[in-house]
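All remarks here apply to the structure that follows.
The values are calculated or read from the model by the stated rules, or taken from the named source; none is laboratory data. The model shown is predicted, which means the values in this text are computed figures rather than measured ones. Backbone-built Cβ (ideal geometry, glycine too); neighbour counts: all protein chains shown. In case anyone asks, the SASA skips ligands and DNA or RNA and just uses the protein heavy atoms, side chains included. Shrake-Rupley method; radii C 1.70, N 1.55, O 1.52, S 1.80 Å.
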Amino acid sequence: MSAKPEDFFKNIISHCKEYGFIFQSSEIYDGLSAVYDYGQNGAELKKNIREYWWRAMVQMHENIVGIDSAIFMHPTIWKASGHVDAFNDPLIDNKDSKKRYRADVLIEEHIAKIEDKINKEVDKAKKRFENFDEAMFRNTNARVVEYQTKINDIHSRFKTALNDNNLVQVKQIIVDCEIVCPISGTKNWTDVRQFNLMFSTSMGSVAEEGNTIYLRPETAQGIFVNYLNVQKTGRMKIPFGIAQTGKAFRNEIVARQFIFRMREFEQMEMQYFVKPGTEMNWYEYWKAARLKWHQTFGLGNENYKFHDHIKLAHYANAATDIEFNFPFGFKELEGIHSRTDFDLKQHEQFSGKKLQYFDSEENKSYVPYVVETSVGLDRLFLATLSASYKEETLDGGDTRVVLNLPPALAPIKAAVFPLVKKDGLPELAEKIINDLKFDHIVTYDEKDTVGKRYRRQDAIGTPYCITIDHQSLEDQTVTIRERDTMQQHRIAISSLLKFLNEKVSLTSLLKKL
RNA sequence: GCGAAAGUAGCUCAAUUGGUAGAGCUCCAGCCUUCCAAGCUGGAGGUUGCGGGUUCGAGACCCGUCUUUCGCUCCA
């Protein structure tokens, strides 16, 4: 590794741009923050990873089927899921301590402090007077009444401000109450801002109250609301799974680290519906199955670890992350959650529809429990690419940049070169390409010396280069050069297709599962 | 969001204290070449991220803004 660790990630990002994997969105207009486009090679690699996931989930499991639900969904779905309420907090920053607070929490804590003062007064009075009438005291004691008036005043102002969505007024309350930051002790506040995680738009030509539509912040809800449709029409028996890949959108306050945290990203989720009480067995099953799937990429088993959640979300009774050793450290790649029956129960309540499964063995109906596996496709892309990226120094001092991508995932499976651009070699190359292109993405290059052409293919991770020389015209053989070892051997043109099918198909990966 | 650094050709970088924007690679058209980049000739490509300001004159100095990276913060 010739690059220093701090430069390594930068080099990967540059490489992604230079070789058509990832471009900044809207680059000619100065870019759009935390949004990226996939280029010609990136789109292929991403598609291949998605395809591998889909086949490993849907094709390899008789009891898992896939769906493709819409990004737009009924707004009540996000009320049921908890996303509307959980992500509507007014936030404020203290400029001195750089700490961020929820404005409503600051105000409520301030009110609580005043209440404490009242309680102290009451306690003092209790000790002083016999036959103490607390209610009377609270209504008559001048100091207590003053405190209580203050509380009522703040309460009513705060309620009005929230109802009117008046963030300026919320800040004014904080200023008027002289609330200070517990860390810096100063009153140097920013304006109050509303950070809503969900992007919204409106349906219909007129933007009116009540027709707000959200861009989904997770694909899972599209599975939950279709769970009964799929179960009935597919005659699915528990346990069964529903898989889905698709875009999701989160208006992240801080989105960074290249494509690791983007505002628009793609998820690959599978919700597994199980009998209540068996969920922990399936949770353990999917933990092991998903880790094994990741390991088949061959990026190094030491680069993966589980990170169990200690503090669980309200809907989960167990949760873990599979973390990957990214260039910037171990970070979440996939989440595996035991989501209980929370989501389906919520949707039963909000929709008024029964979402139960009739278990013929038990002879009773119940709401299934759910075990979720959810992996970020863009993160998986970044993991694959960054672990494959190698800056090598060869014998003789030459250097090369190579992507040791799993061959089945490489954007281009083989490049075909005429050794020289004459004597009928280009024509033979074209013929070979025309034979192979029905099954594999192959490319042609005749420019520059053959060594240079090999390096270009190394840089985008093409596993095989096929070179046509003068001998090829005589005996119908070519040399095939392997990316990682740079070794080559002769092979009959007629056996090229079989060779590639064996080496670069997804089957080879699926058989490792 | 705060702090720090950066932004010049597709890429990597130059450009004396402010004085005519350059090089290498890439790319394109040729020539030469029988297996691991950097042989020859010619060519294309830049309102120096964007917008103001100071100045006779700004890539450089000042202000604003956008984007990226790092640290903090956040991450159902």
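Just to confirm the number: angle between the C-alpha axis of helix A:142-163 and the first principal axis of chain A, 0 to 90 degrees, nearest 10?
Tilt of helix A:142-163: around 40 degrees.
Round to the nearest 10 and report in Å² the accessible area of A:Asp448, as given by a 1.4 Å probe over the protein chains' heavy atoms.
60 Å²
May I ask which of A:Lys232/A:Lys353; A:Lys287/A:Lys511; A:Lys422/A:Lys503; A:Lys232/A:Lys512 have a Cα-Cα span longer than 26 Å here?
Those over the limit are A:Lys422/A:Lys503; A:Lys232/A:Lys512.
Heavy-atom accessible area per residue, chain A, 1.4 Å probe: how many Å²?
51 Å²
Considering only DSSP states other than H, G, I, E and B, which trypsin sites (Lys or Arg not before Pro) in segment A:446-513 qualify as loop sites with at most 16 other Cβ atoms within 10 Å?
Those that pass, being in a loop and sparsely packed, are A:Lys447, A:Lys511, A:Lys512.
Using protein chains only and a probe of 1.4 angstrom, how many square angstrom of A:Trp53 are accessible, to the nearest 10?
The value for A:Trp53 is about 0 Å².
Collect residues whose amide H, placed 1.01 Å from N in the peptide plane, falls under 5 Å from the amide H of A:Arg261; neighbours closer than 5 in sequence don't count.
When sequence neighbours closer than 5 places are left aside, the close amide H contacts are A:Arg256.
Could you give the length gained by full extension between A:Lys422 and A:Asp398, i.e. 0.36 nm per residue of separation minus their alpha carbon distance, to one decimal place?
Gain in length upon complete extension: 5.8 nm.
Using only Cα atoms and rounding to the nearest 10 degrees, what angle (0 to 90) does helix A:40-54 make with the longest principal axis of chain A?
Roughly 70 degrees between the two axes.
Of the listed peptides A:301-309, A:285-293, A:222-230, what is their order by residue-averaged count of other C-beta atoms within 10 Å, with the highest listed first?
The most tightly packed comes first, giving A:222-230, A:285-293, A:301-309.
Taking H as built 1.01 Å from N, whose amide H comes closer than 5 Å to the amide H of A:Ala318, not counting residues under 5 places away?
Those qualifying (amide H under 5 Å, at least 5 residues apart or on another chain) are A:Ser338.
Using 0.36 nm times the number of residues separating A:Lys117 and A:Ser360, minus their current alpha carbon distance, what extension gain do you get?
81.3 nm
May I ask you to list the lysines whose Cα is less than 24 Å away from that of A:Lys127, ignoring any residue fewer than eight positions away on the same chain?
Partners within reach: A:Lys113, A:Lys117.
Between their Cα atoms, which of A:Lys46/A:Lys237; A:Lys305/A:Lys354; A:Lys187/A:Lys331; A:Lys17/A:Lys413; A:Lys247/A:Lys305 are more than 30 Å away from each other?
In this structure, A:Lys46/A:Lys237; A:Lys305/A:Lys354; A:Lys187/A:Lys331 lie more than 30 Å apart at Cα.
Need one number: nm distance between label points at A:Lys292 and A:Asp439, each 7 Å from Cα along Cα→Cβ, rounded to one decimal.
2.8 nm
When the helix-only estimate is applied to chain A (DSSP H runs of n ≥ 4, each -39,500 (n - 2.57), divided by the residue count), what is the mean residue ellipticity at 222 nm, nearest 500 deg cm²/dmol?
Calculated from helices alone, the mean residue ellipticity at 222 nm is -11500 deg cm²/dmol.
Check each of the GluC sites (Glu not before Pro) in segment A:1-80 and keep only those in coil by DSSP with at most 16 other C-beta atoms within 10 angstrom; list them in order.
Passing sites in segment A:1-80 are A:Glu62.
Using only the alpha-carbon atoms, how far is helix A:167-176 inclined from the longest principal axis of chain A? Give it as 0 to 90 degrees, nearest 10.
50 degrees
Please report the carbon-and-sulfur percent of the accessible area for chain A; probe 1.4 Å, protein heavy atoms only, DNA, RNA and ligands left out.
Of all accessible area on chain A, carbon and sulfur atoms account for 49 percent.
State whether chain A is rounded, prolate or oblate according to the following rule on the C-alpha gyration tensor (a ≥ b ≥ c being the square roots of its eigenvalues): a/c under 1.5 gives rounded; otherwise a/b larger than b/c gives prolate, and the remaining case gives oblate.
prolate
Run through segment A:311-347 and list the trypsin sites (Lys or Arg not before Pro) located in a DSSP loop whose Cβ has at most 10 other Cβ atoms within 10 Å.
Here the sparse-neighbourhood loop sites are A:Lys311.
Let me check against my output: what whole-number percent is the relative contact order of chain A, with C-alpha pairs under 8 Å and at least 6 apart?
14 percent
Any chance you could check the Cα centroid distance between segment A:329-378 and segment A:275-303 for me, in angstrom?
18 Å
Apply 1/(1 + (r/R0)^6) to the Cβ-Cβ distance of A:Gln172 and A:Arg128, taking R0 = 25 Å, and write down the FRET efficiency to the nearest 0.05.
For R0 = 25 Å, the calculated efficiency reads 0.05.
Would you list, by chain and number, the lysines whose Cα falls below 17 Å from the Cα of A:Lys421, excluding same-chain residues fewer than 8 positions away?
A:Lys421 reaches A:Lys431, A:Lys447, A:Lys452.
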